[in-house]
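Notes to accompany the following structure.
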Amino acid sequence: MKLPGPKGVITVAGCYRRSVECATDGSKIAEAMIITKEKRIIMQNVAALQKDMPAGEPKPAGEAQFKPSKGTKKILLDEADPDKFVLVGDGYSVDYTSLNKACPKDPFALPRIDQVIDSTAGCELLSFLDAYSGYHQIRLNPADQIKITFITPYGAYCYTTMLFGLKNAGATYQRCMQKCLQAQIGRNVHAYVDDVVVKTKEHQTLLEDLKETYTNLRRFQMKLNPEKCVFGVLAG
């Protein structure tokens, strides 16, 4: 760009890279300000709801009462007061569609099932392990817990562990399992999210393979569901 000056024509050369960096930094600052403002508004709304929420009154025995389905579980909110609980299970869900739209997609890829199956060829025994409670074994960052707040008749609550339905829950869990079993994956173990298969090429090494796997899982404090674990299955 050229401009007239006191001593002649002034030529101004632009730098595209610096302009992009400046625009990016400005958008980050604006985004941080908007998020801080929205967080403050959410906290004020939650506090107002808790203050104005009336105390629940039991219905008379003659009135019809809600009966949850068989798959519903009762989770106590206060161990000292058994009347304060939340029903979780069939028919209950929290919609995190808006939250998932705002979160960028984690590109961490899951293993291909066909490759996992092909890798078991030539093994004498297979052991199948299932992680207990799945995603709930991974704790959430305390700063992110407010983003998954839900309201009950007794107040507003939030999850402290990762839950099903979040956009990147599968990728986060898969990354955790691969880091946990990094020294074994491809050699005598394969992991697909919360399912782990231990490969034993010779039956004499079954206990050694399981011991190594358990040691790594214990190091990351990952728990298994014994009711869904099967050991020493003949391959083929």
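As a rough guide to protection, the peptides 127-138, 96-107 ranked by mean Cβ packing within 10 Å, highest first, stand as 127-138, 96-107. Converting the Cα gyration tensor eigenvalues of region 154-236 into ellipsoid dimensions via √(5λ) gives semi-axes, longest first, of 30, 13, 12 Å. Its Kirkwood hydrodynamic radius, worked out from the mean inverse distance over all distinct Cα pairs, puts region 105-223 at 15.9 Å. Distance between the 7 Å Cα→Cβ label points at Phe108 and Gln178: 0.8 nm. The stretch between Arg218 and Val230, if pulled fully straight at 0.36 nm per residue, gains 2.5 nm over its current Cα-Cα span.
With each label modelled as a point 7 angstrom along the Cα→C-beta vector, the Asp118-Leu163 pair spans 4.0 nm. Between their Cα atoms, which of Lys179/Lys199; Lys167/Lys223; Lys147/Lys167; Lys101/Lys147; Lys179/Lys228 are more than 21 Å away from each other? Checking Cα-Cα distances, Lys167/Lys223; Lys179/Lys228 exceed 21 Å.
Per-residue extension of 0.36 nm, minus the Cα-Cα distance of Gln44 and Tyr132, leaves a gain of 28.0 nm for this segment. Distance between the 7 Å Cα→Cβ label points at Ser98 and Lys7: 6.0 nm.
None of the figures in this text is laboratory data; all of them are computed from the coordinates on show. Treat the numbers as computed from the prediction; the structure is a model and nothing was measured. Here Cβ is always computed from backbone atoms with ideal geometry, including for glycine, and neighbour counts include all displayed protein chains.
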